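Participant: Okay, here's the structure, questions in a sec.
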Amino acid sequence: MSETHSSRRLSAARGGLAVARTVALVFTAAVLFTLVLALAGCSSEKPRVETPRLLFFGVDAGNWNILTPMIQAGELPNIASLVDRGSFGVLKSGVPIQSPQMWTSIATGVVPEKHGIMRFTAEIPGTGREVPVTSNMRKVKAFWNILSDADITVGIVGWWPSWPAEPVNGFMIAQRAWPVNWSRHGIPFGAARDETGRLIVDDFEGRTYPEELYADFEQFIVTEEDVTADELSFLFDDPAFRDPAKQFHARWVFAKDKTFADAGLAMLKRFRPDVLAVYLQGTDVVSHYYWGYQREEGFKVSPSDERLYGHVVRNYYRYVDGVIGSYLAEVGDDTPVMIVSDHGFETKRDLKERWERGERIRTEEGGKDVPWDHGVDGIFIMTGPGVRESNRLPDMSVVDVTPTMLAYLGLPVAEDMDGAPGLAALEESFLEEHPVTFIPTYETGGPRGDETPMESPMDEGIKEKLRALGYIE
Ligand SMILES: [Zn+2]
């Protein structure tokens, strides 16, 4: 694409946001009122939807290496109950095994070459400057676009990537609605508050759709500085352990997940969207930092290190299980649920021995000199009316998630998707009553997606976090 062309498209995208903002300013009250009506189902003949048609949880790096023993030990009661009542199996990740690419494949049913999110960052053309990938770069519709077009209401919370938030039939809270600021020395990095308690964060558009929702969302924001040592003590066994610097990797991601989990639950109660999707990142981040302290994975760990760090990963899964439980308590047992991860996480056994001998090693992805990393085997769990119970599925792929969701919700699957609906999850009687239908494509609105990412005031802060995780140079 020529530079002129991409610049024009970038300014067109920005122009669209500016127009949206002007309209929003004029009609703020009306827009919000309409949103509430639309989501409550009061604006049409349809009865108010009390039971969501699907609750979707994105658990980054969720894997059976951790889940299976914890479920067997009774430590994840909510996830265990979903596995027991539903279908579950391995969800194979794609290449590269990286989060923004795979979450976009999950949301679209196509491989990265087709959806256009190829890396963690992308260049602002002609500048050599890289910024984190943005939602305007996606070349195909995500499930929230498809469902919106089909008059199904959606709520999308914290998806990666999801900024700028897209106009949907419902609401979207972009990942960048949680504030990340510049770091000076690496620690602490995250937003601070001024003496009155106001967040010190740049104001910019696209953090929520509709824009006015941000004012509501803001009350749920928890920053790293807001998280107290006591609040984090569930992760660390040693009660004397109160060193914020050593906790900080867990701190920022817990602050972020708590923000989205609390906001998502509040929005669920308020708006009752047909389909609500909430993304949680912490299971990935704590695995990167604390995986190698797990005795269960065969690592030699000193008793003091084990007390400090040895159970952080598993304790974080307990937290996620509790979050899922808090949503389930709100909606009732027959609400369909999907839990999905973009990839797994595993000990690289071939590298472990060399590492323990003190050798410097590199994993396939490079950059990380430790014998643990993303693995290709993620998780898929699905429950609901018509879903087979206690049913171990054949392996599925990240590109199968959207086709499965569409088939289950009674919408056609597109033939130009790379994935296929996971029919093995569904009861025969359900498939007889709701036969899967196909259409050639959902991409009828002309070309979409811009190769040029958009810039936000958080770009450097986000890059710093990606760098700390070893994801970018
Ligand atoms: Zn990931």
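The values are calculated or read from the model by the stated rules, or taken from the named source; none is laboratory data. For clarity, every value in this text was computed on a predicted model and none was experimentally measured. Glycine gets a Cβ as well: all are built from the backbone with ideal geometry, and neighbour counts include every protein chain shown. What goes into the accessible areas is simple: the full protein's heavy atoms, side chains included, and nothing from ligands, DNA or RNA. Shrake-Rupley method; radii C 1.70, N 1.55, O 1.52, S 1.80 Å.
Participant: In this structure, does Ser105 turn out to be of a type outside the set (A, V, I, L, M) and touching a Lys or Arg at 6+ places or on another chain (Cβ under 6 Å)?
Facilitator: Here the answer is no, as Ser105 does not meet what is asked.
Participant: Then there's this: Within segment 175-186, does at least one residue satisfy the condition of being away from the ligand (no atom under 16 Å from the Cβ), of a type in the set (Phe, Trp, Tyr), open to solvent by 20 Å² or more (accessible area, probe 1.4 Å) and modelled with pLDDT under 95?
Facilitator: Taking every residue of segment 175-186 in turn, at least one turns out to be away from the ligand (no atom under 16 Å from the Cβ), of a type in the set (Phe, Trp, Tyr), open to solvent by 20 Å² or more (accessible area, probe 1.4 Å) and modelled with pLDDT under 95.
Participant: So, one more: Among the residues of segment 287-309 satisfying the criterion of being more than 25 Å from the chain's Cα centre (by Cα) and aromatic (Phe, Trp, Tyr), which is nearest to the ligand (Cβ to nearest atom)?
Facilitator: Tyr293
Participant: Another question, if that's okay. Inspect segment 106-127 for any residue being aromatic (Phe, Trp, Tyr) and not in a loop (DSSP other than H, G, I, E, B) and give the result as yes or no.
Facilitator: There is no residue in segment 106-127 that is aromatic (Phe, Trp, Tyr) and not in a loop (DSSP other than H, G, I, E, B).
Participant: Next up: Being more than 24 Å from the chain's Cα centre (by Cα), at positive phi and modelled with pLDDT under 95 narrows it down to one of Gly470, Gly446, so name that one.
Facilitator: Exactly one residue qualifies, and that residue is Gly446.
Participant: Of the numbered conditions (1) touching a Ser or Thr at 6+ places or on another chain (Cβ under 8 Å); (2) away from the ligand (no atom under 16 Å from the Cβ); (3) open to solvent by less than 30 Å² (accessible area, probe 1.4 Å); (4) of a type in the set (Asp, Glu), Asp321 satisfies every one except a single condition; which is it?
Facilitator: (1)
Participant: Moving on to the next point. Return a yes/no flag: does segment 123-144 have any residue that is within 16 Å of the ligand (Cβ to nearest atom) and surrounded by 19 or more Cβ atoms within 10 Å (Cβ to Cβ).
Facilitator: Yes: segment 123-144 contains one or more residues that are within 16 Å of the ligand (Cβ to nearest atom) and surrounded by 19 or more Cβ atoms within 10 Å (Cβ to Cβ).
Participant: Going through segment 195-226 one residue at a time, which ones are modelled with pLDDT under 85, open to solvent by less than 30 Å² (accessible area, probe 1.4 Å) and part of a loop (DSSP other than H, G, I, E, B)?
Facilitator: Passing the criteria: only Glu224.
Participant: Kindly indicate whether Ala329 is more than 21 Å from Thr68 (Cα to Cα), of a type in the set (A, V, I, L, M) and surrounded by fewer than 16 Cβ atoms within 10 Å (Cβ to Cβ).
Facilitator: For Ala329, the condition - more than 21 Å from Thr68 (Cα to Cα), of a type in the set (A, V, I, L, M) and surrounded by fewer than 16 Cβ atoms within 10 Å (Cβ to Cβ) - is met.
Participant: Sticking with this structure for a sec: Being charged (D, E, K, R), within 16 Å of the ligand (Cβ to nearest atom) and open to solvent by less than 30 Å² (accessible area, probe 1.4 Å) is true for just one of Asp284, Asp274, Asp238. Which residue is that?
Facilitator: None of the others qualify; the one that does is Asp284.
Participant: Looking only at segment 41-77, which residues are open to solvent by 10 Å² or more (accessible area, probe 1.4 Å), of a type in the set (Val, Ile, Thr) and modelled with pLDDT of 95 or more?
Facilitator: Those that are open to solvent by 10 Å² or more (accessible area, probe 1.4 Å), of a type in the set (Val, Ile, Thr) and modelled with pLDDT of 95 or more: Thr68, Ile71.
Participant: Give me a count of the residues in segment 457-473 that are among the aliphatic types (A, V, I, L, M), out of contact with any His (no Cβ under 9 Å at 6 or more places or on another chain) and assigned to a loop (DSSP other than H, G, I, E, B).
Facilitator: Number satisfying all stated conditions: 2.
Participant: Looking at (1) farther than 27 Å from Pro421 by Cβ; (2) of a type outside the set (S, T, N, Q); (3) touching a strand residue (DSSP E or B) at 6+ places or on another chain (Cβ under 6 Å), which one does Leu54 not meet, given that it meets all the others?
Facilitator: In the conditions (1) farther than 27 Å from Pro421 by Cβ; (2) of a type outside the set (S, T, N, Q); (3) touching a strand residue (DSSP E or B) at 6+ places or on another chain (Cβ under 6 Å), Leu54 misses (1) alone.
Participant: Sticking with this one: Need a quick list: helices (runs of 4 or more DSSP H) entirely within segment 297-386 having at least 3 residues that are at pLDDT 90 or above, out of contact with any Gly (no Cβ under 6 Å at 6 or more places or on another chain) and among the charged types (D, E, K, R).
Facilitator: 312-331
Participant: Does segment 338-355 include one or more residues that are surrounded by fewer than 15 Cβ atoms within 10 Å (Cβ to Cβ), within 16 Å of the ligand (Cβ to nearest atom) and touching a residue at least 40 places away in the same chain (Cβ under 8 Å)?
Facilitator: no
Participant: Related question: Inside segment 407-430, can you point out the residues that are free of Cβ contacts under 8 Å to residues at least 24 places away in the same chain and not in a loop (DSSP other than H, G, I, E, B)?
Facilitator: Leu423, Glu428
Participant: Another one. Name, by its number, the condition in (1) of a type in the set (A, V, I, L, M); (2) closer than 30 Å to Thr127 by Cβ; (3) not in a loop (DSSP other than H, G, I, E, B) that does not hold for Met454.
Facilitator: Going through (1) of a type in the set (A, V, I, L, M); (2) closer than 30 Å to Thr127 by Cβ; (3) not in a loop (DSSP other than H, G, I, E, B) one by one, Met454 breaks only (3).
Participant: Okay, next question. Is there a residue in segment 78-100 that is part of a strand (DSSP E or B), surrounded by 24 or more Cβ atoms within 10 Å (Cβ to Cβ) and within 16 Å of the ligand (Cβ to nearest atom)?
Facilitator: yes
Participant: When you check Val110 against the structure, is it open to solvent by 20 Å² or more (accessible area, probe 1.4 Å) and away from the ligand (no atom under 11 Å from the Cβ), yes or no?
Facilitator: No.
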